[in-house]
1. Name every residue in segment 25-72 that is over 11 Å from the mean Cα position of the chain (by Cα) and among the hydroxyl-bearing types (Ser, Thr, Tyr), in order of residue number.
2. In segment 13-64, how many are among the basic types (Lys, Arg), under 17 Å from residue 2 (Cα atoms) and surrounded by fewer than 13 Cβ atoms within 10 Å (Cβ to Cβ)?
Amino acid sequence: MKKQTFLIELAKVFKKKSLNKNDSVKELDSLNFLELMEFSNTNFKDFDFPIDEYRKCKTINDLIRLYGKRIN
């Protein structure tokens, strides 16, 4: 998935108009987190979302790194 598409789709999960790579992921509540899991399962079938690694993410850029080569 292209990085710009990822940011647009992720903004929907965060219920924001837009996101950039330096925005915080700390404001994600439990419902948003479930939506993020659904987003991952729908768009990245081969990606086993590592919850422990996610907890270390502070910014959207950290989250992009978590997805690795799936985001380009």
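Taken together, the values in this text are just the output of simple stated rules run on the coordinates, not laboratory data. Computed from a predicted structure; not experimentally measured. All Cβ positions, glycine included, derive from the backbone under ideal geometry; neighbour counts span all protein chains shown.
1. Answer for segment 25-72, where residues must be over 11 Å from the mean Cα position of the chain (by Cα) and among the hydroxyl-bearing types (Ser, Thr, Tyr): 30, 42.
2. Step one: filter segment 13-64 for residues among the basic types (Lys, Arg), giving 15-17, 21, 26, 45, 55-56, 58.
From the residues that got through so far, the ones that are under 17 Å from residue 2 (Cα atoms) too are 21, 45.
Applying the additional criterion that residues be surrounded by fewer than 13 Cβ atoms within 10 Å (Cβ to Cβ) yields 45.
Final tally of qualifying residues: 1.
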